[in-house]
Amino acid sequence: MSKQQIYTAPHGTNVAYNRLPGRGPGVVFMGGFMSDKEGTKALALEAMCEREGRAFVRFDYQGHGQSSGQFKDGTIGLWAKDAIAVIDALTQGPQILVGSSMGGWVAMLAAKARAARIKGLVGIAAAPDFTVRMWNTDFDDATRAEVVANGFMQRPCDYGGDPYIITRALIEDGYRNRVIAGPLNLDMPVRLIQGTEDPDVPWQTTQLIADKLTGDDVEIILVPGGDHRLSRDIDLKRLVRVVGGLLDTVGGQD
């Protein structure tokens, strides 16, 4: 297993990360909203890359896990800056991005920003533009008024731990960073893994993402009965298989 280190990004985040050296293409894992780099999906991919002698990085966004800052001060744009800084400073050559939930959105932004180096993307219950859906569909008028008046609101976390803090800045920044409001210009292979019983991201979102992608190598992997986390043993084996297959597709160049 890799050892945690700290990288100070140009925009100021002290990013906690774990990195394996190895051959390319490398794999970069991007976690979800209020998640961290110690999750089972990140560790399963690290174990795969270690077995294969392949480069791998997992990291925490600002306000997540062991990185600096407060969660409430974070936005999609800032977390994307963290991801891009990690790609720039901590990886070499071609990369595959793997994003879970919100990490799928961040991965799409990072792939657009570093298109020359990103050779493939895997989304796990990918949730691009989820703050837009949250504002327009999930929130009632009273909740929207609360966010406007107070600058934030709290939502219970279905997975335990601290409640979600949804800030006005997060909502407004999310709108500015939408990726599926129009064509999603990613000219690379994309794999989208999605559970049909996901309570947080409707499975139809995956079809919408696929429809917006401009590339011609897009696959949807629907998991009957699958939840949002997709972290059962069978889910982790599927993830490793999908990422491994994508690595074979894009080539094993150093």
Check: Here are Met34, Met1: which of them is surrounded by fewer than 23 Cβ atoms within 10 Å (Cβ to Cβ), within 14 Å of the chain's Cα centre (by Cα) and at pLDDT below 95?
Finding: Met34
Notebook entry, point to check: Can you name the residue in segment 53-107 that is modelled with pLDDT under 95 and outside any loop (DSSP other than H, G, I, E, B) and is also surrounded by the most Cβ atoms within 10 Å (Cβ to Cβ) among such residues?
Noted result: Phe71
Note to self: Return the pair list, or none, for Cβ contacts closer than 8 Å from residues in segment 188-202 that are of a type in the set (Gly, Ala, Ser) to residues that are in a loop (DSSP other than H, G, I, E, B), at least 6 apart or on different chains.
What the structure shows: Gly195/Ala125; Gly195/Trp203; Gly195/Gly225; Gly195/Gly226; Gly195/Asp227; Gly195/His228; Gly195/Leu230
Margin query: Whether any residue in segment 6-28 is over 15 Å from the mean Cα position of the chain (by Cα), surrounded by fewer than 20 Cβ atoms within 10 Å (Cβ to Cβ) and β-branched (Val, Ile, Thr) is what I want to check.
Written below: yes
Note to self: Of everything in segment 129-160, what is of a type in the set (Lys, Arg) and modelled with pLDDT under 90? Give them in sequence order.
What the structure shows: Arg155
Checklist line | Odd one out for Ile234 among (1) in contact with a Leu (Cβ under 7 Å, 6 or more places away or on another chain); (2) exposed (fewer than 12 other Cβ atoms within 10 Å of the Cβ) | finding: (1)
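Within segment 171-187, work out how many residues are farther than 30 Å from Phe152 by Cα and either surrounded by 19 or more Cβ atoms within 10 Å (Cβ to Cβ) or free of Cβ contacts under 8 Å to residues at least 60 places away in the same chain (or both). Walk me through it before giving the result.
So in segment 171-187, the residues farther than 30 Å from Phe152 by Cα come out as 183, 185-187.
Within this subset, residues satisfying the condition of being either surrounded by 19 or more Cβ atoms within 10 Å (Cβ to Cβ) or free of Cβ contacts under 8 Å to residues at least 60 places away in the same chain (or both) are 183, 186.
Number satisfying all stated conditions: 2.
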Item checked: 2 or more residues closer than 30 Å to Pro94 by Cβ: qualifying strands (runs of 3 or more DSSP E) within segment 131-237 -> 190-195, 218-223
Check: Does segment 115-154 hold any residues that are within 27 Å of Ile96 (Cα to Cα), surrounded by fewer than 16 Cβ atoms within 10 Å (Cβ to Cβ) and touching a residue at least 12 places away in the same chain (Cβ under 8 Å), and which are they?
Finding: Ala115
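The values are calculated or read from the model by the stated rules, or taken from the named source; none is laboratory data. Fair warning: this is a prediction, and the values are worked out from it, not measured in the lab. Methodologically, a virtual Cβ is constructed for each residue, glycine included, from the backbone with ideal geometry; neighbour enumeration extends over all protein chains shown.
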